[in-house]
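K.L.:
Here it is: the structure, laid out below.
The values are calculated or read from the model by the stated rules, or taken from the named source; none is laboratory data. Here the structure is a predicted model, which is why all the values come from computation and not from measurement. Here the Cβ is made from the backbone with ideal geometry for all residues, glycine too, and neighbour counts use every protein chain on show.
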Amino acid sequence: MNIILLGAPGAGKGTQGEYLCGKYELTHISSGDLIRAEIAAKTPVGLRVQECVKKGNLVSDETVVEIVAGKLEMLNGGWLLDGFPRTLPQAEELGRYLESRGTKIDFIILLNVTEEVVVKRLAGRGREDDDAATVKKRLMVFQDLTHPLVGYYKGQGTFKEFDGAPAATEVSDALAQFIDGSRNGNGHV
């Protein structure tokens, strides 16, 4: 089973991604974590994107696709993509990549949260790229570049929106109920 988890920064993608990966034995792939690992390791890619991330900007489509595809190449089982794709070109490139491997996306899940919830959650995390001004900029970037993915993915696979504001366990239960119901009723893998 392969899942794409969409949502603004702070929507709960990391929390729900970990839950779903544990429940369904998937590999959790966070583009943000992959990028931070590249930066920490001071790889050529990491050095290239470090300043971009500090300013709250998105890493270029080509670089993110390069990083995520490299990770997917190493996998044999199911996966969950968290924070990728973020733009339409990334989604299109991912589609081409998956098609070339004979793989498909089984579920596309969007976690919706208000700006107020996002600012409250991210301000409490304390990461360097989570101060209030940077959070607001990241939200604007998300709305401008990532929100069009909703329209793109609504016509593909099994797309479903969920409210990401309730307690994490409540959201997890709703996600599992949806996935289990879809798999049992619609023959998804």
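K.L.:
Being over 21 Å from residue 155 (Cβ atoms), touching a residue at least 40 places away in the same chain (Cβ under 8 Å), surrounded by fewer than 17 Cβ atoms within 10 Å (Cβ to Cβ) and aliphatic (A, V, I, L, M) is true for just one of 75, 26, 58. Which residue is that?
P.N.:
75
K.L.:
From the residues in region 140-170 that are touching a helix residue (DSSP H, G or I) at 6+ places or on another chain (Cβ under 6 Å) and in a helix (DSSP H, G or I), which one is nearest to residue 12 (Cα to Cα)?
P.N.:
The extreme case among them is 168.
K.L.:
Being surrounded by fewer than 16 Cβ atoms within 10 Å (Cβ to Cβ), modelled with pLDDT of 75 or more and more than 16 Å from residue 115 (Cβ to Cβ) is the filter here; which residues of region 125-151 pass it?
P.N.:
148, 150, 151, listed by residue number.
K.L.:
Return a yes/no flag: does region 66-79 have any residue that is among the small types (Gly, Ala, Ser) and at pLDDT below 90.
P.N.:
yes
K.L.:
Here is a follow-up. Considering each of 20, 6 in turn, give the residue that is hydrophobic (A, V, I, L, M, F, W, C), in a strand (DSSP E or B), buried (at least 16 other Cβ atoms within 10 Å of the Cβ) and at negative phi.
P.N.:
The match here is 6.
K.L.:
How many residues does region 78-121 contain that are assigned to a loop (DSSP other than H, G, I, E, B) and touching a residue at least 40 places away in the same chain (Cβ under 8 Å)?
P.N.:
Residues in region 78-121 being assigned to a loop (DSSP other than H, G, I, E, B) and touching a residue at least 40 places away in the same chain (Cβ under 8 Å): 12 in total.
K.L.:
Restricting the search to region 34-62, which residues are of a type in the set (Ser, Thr, Tyr) and over 17 Å from residue 141 (Cα atoms)?
P.N.:
43
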